[in-house]
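Here the structure comes first, spelled out in structure tokens, and everything after it is commentary.
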Amino acid sequence: MAIYSFPPIAAPHSHTLILGSMPGIMSLQMQQYYAHPRNAFWPIMGELLDFDPLAPYPLRTTALQNARIALWDVLQSCSREGSLDTAIDKNSIVPNDFAQFLAEHRHIERIFFNGATAETIFRRHVLPELENQGDWQLLRLPSTSPAHAALSIPAKTQAWRIIVQA
């Protein structure tokens, strides 16, 4: 089944971009990034940026923008049954238009990946097309997905703290 991601959440002055792979079923249904209640993304960002992770979605996305953090997914579309990254049909991958996004958001200096799949797809399908277009710091962070239970939320939060460090 083909599924499609959302537009990015970004302010013109964003300097940091966080990339997931593709929203899960609940996120797609709710049309909100990281909508699954067991996903640790909003609790982690709430702690790091000092906002209520249970606040209405527009307030949470505004908190990201005020912190100069953009949020998007590597994939524009793909075929996948269920929500797991491992179920993505690799032959169906269509990446988002990063050349245009990064041209419009020239202040982006750091790109963080929410897990290994986002990083792998970006490096394989996007980065070669962006050669000589920028010098970004690229760093994979532990996935906030409930499927990645090897780390506790406090351990994930500690790893994600780099987002708010200069």
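No value in this document is a laboratory result; all are computed from the given coordinates. Predicted model, so just to flag it, every value in this text is computed and none were measured. So basically every Cβ, Gly included, is an ideal-geometry build from the backbone, and we count neighbours across all protein chains shown.
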TODO: Sort out which residues of the range 70-126 are surrounded by 15 or more Cβ atoms within 10 Å (Cβ to Cβ) and either in contact with a Cys (Cβ under 7 Å, 6 or more places away or on another chain) or among the β-branched types (Val, Ile, Thr) (or both), and write them in order of number.
DONE: Val74, Ile88, Ile93, Ile108, Ile111, Thr117, Thr120, Ile121, Val126
TODO: Output the residues belonging to the range 110-166 that are closer than 21 Å to Leu48 by Cα and of a type in the set (S, T, N, Q).
DONE: Asn114, Gln137, Ser143, Thr144, Ser145, Ser152, Thr157, Gln158, Gln165
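In the range 127-146, what residues are among the hydrophobic types (A, V, I, L, M, F, W, C) and either crowded, with 19+ Cβ neighbours inside 10 Å or free of Cβ contacts under 8 Å to residues at least 24 places away in the same chain (or both)?
Leu127, Leu141
Do we find a residue being in a loop (DSSP other than H, G, I, E, B), closer than 18 Å to Ile121 by Cβ, under 15 Å from the mean Cα position of the chain (by Cα) and in contact (Cβ under 8 Å) with a residue 12 or more places away in the chain anywhere in the range 10-22?
Looking for residues that are in a loop (DSSP other than H, G, I, E, B), closer than 18 Å to Ile121 by Cβ, under 15 Å from the mean Cα position of the chain (by Cα) and in contact (Cβ under 8 Å) with a residue 12 or more places away in the chain, one finds at least one in the range 10-22, hence yes.
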Task: Pro58 vs. criteria within 18 Å of Met26 (Cα to Cα), within 18 Å of the chain's Cα centre (by Cα) and in a helix (DSSP H, G or I) - done: yes
Task: Residue pairs meeting the criteria (Cβ under 8 Å; at least 6 apart or on separate chains; first more than 16 Å from Trp72 (Cα to Cα), in the range 88-107; second assigned to a loop (DSSP other than H, G, I, E, B)) - done: Ile88/Ser21; Ile88/Met22
